[in-house]
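Taken together, the values in this text are just the output of simple stated rules run on the coordinates, not laboratory data. A quick note: this is a predicted structure, and the numbers were derived from the prediction, not measured. Methodologically, a virtual Cβ is constructed for each residue, glycine included, from the backbone with ideal geometry; neighbour enumeration extends over all protein chains shown.
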Amino acid sequence: MSIVELKNAKKHYALGKTTVEAVKGVSFEIEQGDFISIAGPSGSGKSTILNLIGLIDTATNGDVLINGQNVATLKDREITLLRHETIGFIFQSFNLIPVLTTRENIEFPLLLGKNNKLTKERKEYVDFLIEEVGLADRIRNRPNELSGGQRQRVAIARALVTKPVIVLADEPTANLDSQTGDDILKLMKKINKDLKTTFIFSTHDAKIVELADHIIRLKDGLITENYRAVSKTLPGS
Amino acid sequence: MSVATMALKNLSRQKRRSLLLGGAIAFGLLVITIVNGLSGSLITSLEANISNLIPGHVILRGAEKTSTGRVILTLKESEVFQTAVDKLRVPYSYVSKTTNVQSVALVSDFSTTYQSFSGVNLGQGTYLHDKLTIVEGSLDDFDAADNIVISEGVAKKLNVQIGDRISVQSETITGQQNVVDFVLRAIYKDPGVAASLAGAYAPLDRVNALRDMKPGEFTTFGIYLKDVATADQWGALLLKDLQDKGLPFFARGGLQETQKQYRDQTWTGVKYSLYTLNDILSFIKGIFQTLNLIAFLILLVLFVVIMVGITNTYRMVVYERTREIGTLRALGMQRPEVRNLFLYEAVFLGLGGIVVGFVAGVFVLVVVSWIDLSAWKDFNILLKDNHLQLQVNLGSFALNLIVIAGLTALAALFPARRAGKLTPAEALRTTN
Ligand SMILES: Nc1ncnc2c1ncn2[C@@H]1O[C@H](COP(=O)(O)OP(=O)(O)OP(=O)(O)O)[C@@H](O)[C@H]1O
Ligand SMILES: [Mg+2]
């Protein structure tokens, strides 16, 4: 079973008297463990689709299924719980909590939701993630004492701390220089391999797209291409 | 980390803004603490000083109208009162029987002064024996002879020493002039009130002789309670009990009122009146209560302004942190938690202001209570040993704490609820 499925999903925004059709009816499925790129020019609907998958926004029409569950019928409280338990977020502009240190930012999602105790096991996982993103010497710093790349590493660790099934990243490298951006993507790819976490990221950078196993191309709110990268799925070739 | 801890951390984000709002709240509380503390201390000192001047906290008097229409203040016996006091188990420390004369002329070889004069029992275990601070002479065997005790101030005015003769001139109850000679046996420390209020005391029967009253008679039966604050309560109970026994009473009121009733009413025979320390002080207390009320109203206006400030500030804070709210929601924070995050922040701000204001207020009161106000003679009656008595009411502090914390929460509720209602999509999209 696919972990994410969109069936003829549409999203319309009322803008004054007119309606903007940001997503005009898209259908696709996403498999567990994939490294997926949603690509397309500015305004093509990438962020809108990520918001639908991330339960940040609701579809005007059509269905969004997470782990086979249709989210249309859920109340805000249940949606928030589902989001907390299944989805991690990496934002373009990092969105760290300014008053919290690196470690506190990473731990923060663990203190929300039903099970909000910081057990020894969870603390060890935080330690592991801090090592994994290479911030062991920055755990006591606040976000304003970190570089952009370091901030995005904190965000990656934060997105992973609840062991989500899916991590969504809307243009995670757009605010970084190309070298740092490459490093961040390599880190995401490494974690995708090590932890089998599904990553869905949007980009309009053609180079980055090539790292993906599964590519969905958009234009004007419609899918133009949806394919699995052959070289990745057939390691022998 | 709980929502509350995070709210506390957020409070430090806009230090200037927090300081300004917290400072305004602190200022309000400073004023409340000082006004309450001062008026409370003034009233307490007033009560303590006045109760040294009047013959009890609950006072019973009797009046008799003669066939000629003259009103004579007199009580022939006190058994009925003492029985009632014992039956009701009134918690008292002293009872007294006194003959009070409002004004007599005290004449020495050098000068004359007009004082209130009381015939009392000054023996061991009486109120005055315990409360008067004797600076010269003594009260031993006082009740046996023509002894008189006066205050330091009066002694100075009359220029008399222990053992000197003082003549007391007064009207008898029937209106004749009379003079009795006394010997100065003791001088007591000025009670910190205007000298004219510091009365002279002599044995009951000698004063009765001056007034042409029979031995054993008196004008006033006074009860000194263990707790002055219960005077009204016990006064009312006693009055009811005595009325139920069939004793005729004048309507309850202050001194002036009773005087008026003696004159105006068409009554005959014997009639009683009961009044308490509070009846005497009600006028002055009323002034303080009015002052407190005015201070309270000014503060109310101040707090309305502060509340508007809090609402506006938190509207701005929510606006500034919109994207952060979106992030918190995306990470799994529920709507009520987001709302509480802002509510807690405001309440912590309020609590901080309250505590700082209270501590500052107490500090001011402590400093003021150190100041020697002996130069402030006319208001001695409001002081204790020439100082303002420090008085801090923790009960009203607790009340202020709850009310102000509640008000800040209320003021922040509207923006906090808006923060909770933001959808993650719109919150994350904002560009500020
Ligand atoms: N809240 C909104 N109200 C009105 N129109 C919107 C809103 N959000 C998005 N749109 C419109 O929907 C379309 C798709 O927007 P979206 O943000 O998904 O594009 P995108 O592919 O992420 O673009 P970019 O690469 O610039 O981030 C755009 O035309 C945009 O103007
Ligand atoms: Mg976008």
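Here are a few things to note about the model shown:
- Computed over region B:277-362, Cα set: Rg, Dmax in Å: 20.7, 69
- A cut-off of 5 Å between modelled amide H atoms, ignoring neighbours fewer than 5 places along the same chain, links residue A:88 with A:166, A:167, A:168.
- Shielding of B:331-343 by partner chains, average beta-carbon count, 10 Å: 4
- Plainly put, region B:32-136 has a radius of gyration that is 1.05 times its Kirkwood radius, both from alpha-carbon atoms, as the Rg/Rh ratio.
- Pairwise Cα inverse-distance average, inverted: Kirkwood Rh of chain B (Å): 26.1 Å
- Site pair residue B:263 and residue A:73 shows an inter-label distance of 9.1 nm when each label is modelled 7 Å from Cα along Cα→Cβ.
- Inter-label distance, nm, simple model (7 Å from Cα along the C-beta direction), residue A:142/residue B:174: 9.4 nm
- Within region A:10-36, backbone nitrogen closer than 12 Å to the virtual label 7 Å beyond the Cα of residue A:222 toward Cβ: A:24-26
- Magnitude of the charge dipole for chain A, about its Cα centre and with charges confined to Cβ atoms of Lys, Arg (+1) and Asp, Glu (-1), is about 380 debye.
- The 3J(HN,Hα) values that the Karplus relation (6.51, -1.76, 1.60; θ = phi - 60°) gives for region B:103-116 are, in residue order, 8, 10, 9, 9, 10, 10, 5, 10, 7, 10, 9, 9, 9, 7 Hz. Gly and Pro appear as x.
- For region B:337-427, the dipole from Cβ point charges (+1 on Lys and Arg, -1 on Asp and Glu) about the Cα centre works out to 300 debye, to the nearest 20.
- Shielding of A:107-120 by partner chains, average beta-carbon count, 10 Å: 3
- Reach of residue B:15 by Cα under 18 Å, taken over aspartates and glutamates that are not fewer than 8 positions away in the same chain: B:320, B:345
- Span from the region B:18-89 Cα centroid across to the region A:77-104 one, whole angstrom: 65 Å
- Pairwise Cα inverse-distance average, inverted: Kirkwood Rh of the protein assembly as shown (Å): 32.4 Å
- Think of chain B as a dipole: +1 on every Lys or Arg Cβ, -1 on every Asp or Glu Cβ, centred on the Cα centre; then among B:314, B:350, B:158, B:314 lies furthest on the positive end.
- Shown here for region A:63-117: trypsin sites (Lys or Arg not before Pro) in loop regions (DSSP other than H, G, I, E, B) with at most 10 other Cβ atoms within 10 Å, namely A:75, A:114, A:117.
- Within the protein assembly as shown, percent of DSSP bridges classed antiparallel, to nearest 5: 70 percent
- Global geometry of region B:191-292, whether rounded, prolate or oblate, following the gyration tensor of its Cα atoms and the 1.5 cut on a/c: oblate
- By DSSP, the beta bridges lying fully in region B:55-280 are antiparallel in about 80 percent of cases.
- J(HN,Hα) series, region B:71-83, from Karplus relation 6.51 cos²θ - 1.76 cosθ + 1.60, nearest Hz, glycine and proline x: 9, 10, 7, 6, 10, 8, 8, 10, 3, 4, 6, 4, 4
- Rounded to whole numbers, the Karplus 3J(HN,Hα) couplings from phi for region A:200-211 are 10, 10, 9, 6, 10, 9, 4, 4, 5, 3, 5, 6 Hz, using 6.51 cos²θ - 1.76 cosθ + 1.60 with θ = phi - 60°, and x at Gly and Pro.
- For region B:55-280, the normalised intensity computed at q = 0.09, 0.13, 0.16, 0.17 Å⁻¹ comes to -0.37, -0.78, -1.16, -1.28 (log10 of I(q)/I(0), Debye sum over alpha carbons, equal scatterers, no solvent).
- Violating pairs (Cα-Cα greater than 21 angstrom) within the set B:97/B:226; A:75/A:163; A:24/A:75; B:87/B:285; A:24/A:219: A:75/A:163; A:24/A:75; B:87/B:285
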